[in-house]
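The values are calculated or read from the model by the stated rules, or taken from the named source; none is laboratory data. No experiment lies behind these values; they were computed from the predicted model shown. Because the Cβ atoms are built from the backbone with ideal geometry, glycine has one as well, and the counts that use them run over all protein chains shown. For the accessible areas, the whole protein counts, side chains as well, though only heavy atoms, and no ligand, DNA or RNA atoms are used. Shrake-Rupley method; radii C 1.70, N 1.55, O 1.52, S 1.80 Å.
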Amino acid sequence: MKLYIMRHGQTDWNVLRKVQGCTDTELNENGIKQAQNAKEKFEEYPIDVILCSPLKRTRKTIEIMNKDKRIPVIYEEKLLERSWGKVEGIQGEEADYFFNQHDCWNYHTNLKIKEIEPIVDCCQRVYEFIEEIKEKYAGKNVLCVTHRGIARVINSYFIGIGENGILPRTGFENCEIREFEL
């Protein structure tokens, strides 16, 4: 059983380096092109079912890529991006400053400020969902269309969390697909 993880196409907020979280932004023209360009490679993957975050940017990405394959798509709240609470919408240097001052991805610290979803809660939500996928879709190949933050959490499920508590960065690019073995 394979689990494929894909990040949505680009949004204007990505370009502006704005913290998106659960803010429901649309793909920009480049994001639409990224999804169209990734479509050919996507068609090579032996996918049985698609689980997708319900946000517009993920929905539009898979709508474009799945147009010809027509694989069943299930919209799943557990794939929503990590909520960044009152930090959503800050950008550029302000966002850099915030993230440099706070240990947002440290599992041990489990930051609880500004209505940000604590990382322990986010990991629990995603890890439990992966366990559900293993049970519900045993023997099938599943694609999860999601967000960079959730891709980071999924990656930590497979490779672990460092001794320092920091979830490893993944560097997931827009419309990139990665494969994991379940």
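What's the total number of residues in the stretch 117-130 that are closer than 17 Å to Ile166 by Cβ and open to solvent by less than 10 Å² (accessible area, probe 1.4 Å)?
Here the count works out to 4.
Can you find a residue that is surrounded by 14 or more Cβ atoms within 10 Å (Cβ to Cβ), farther than 25 Å from Tyr137 by Cβ and hydrophobic (A, V, I, L, M, F, W, C) anywhere in the stretch 61-83?
No: the stretch 61-83 contains no residue that is surrounded by 14 or more Cβ atoms within 10 Å (Cβ to Cβ), farther than 25 Å from Tyr137 by Cβ and hydrophobic (A, V, I, L, M, F, W, C).
Quickly run through the stretch 84-111 and pick out the residues that are over 27 Å from Glu132 (Cβ atoms), part of a helix (DSSP H, G or I), modelled with pLDDT of 95 or more and open to solvent by less than 80 Å² (accessible area, probe 1.4 Å).
Correct list: Val87 only.
Exactly one of these conditions fails for Leu79: (1) more than 18 Å from Ile177 (Cα to Cα); (2) touching a Cys at 6+ places or on another chain (Cβ under 9 Å). Give me its number.
Leu79 satisfies every listed condition except (1).
Do we find a residue being part of a loop (DSSP other than H, G, I, E, B), on the phi < 0 side of the Ramachandran plot and under 19 Å from the mean Cα position of the chain (by Cα) anywhere in the stretch 13-21?
Yes, the stretch 13-21 contains at least one residue that is part of a loop (DSSP other than H, G, I, E, B), on the phi < 0 side of the Ramachandran plot and under 19 Å from the mean Cα position of the chain (by Cα).
I'm checking my understanding of the structure. Among residues of the stretch 166-182 that are surrounded by 12 or more Cβ atoms within 10 Å (Cβ to Cβ) and free of Cβ contacts under 8 Å to residues at least 60 places away in the same chain, which one is farthest from Ala35 (Cα to Cα)?
So the residue we want is Pro168.
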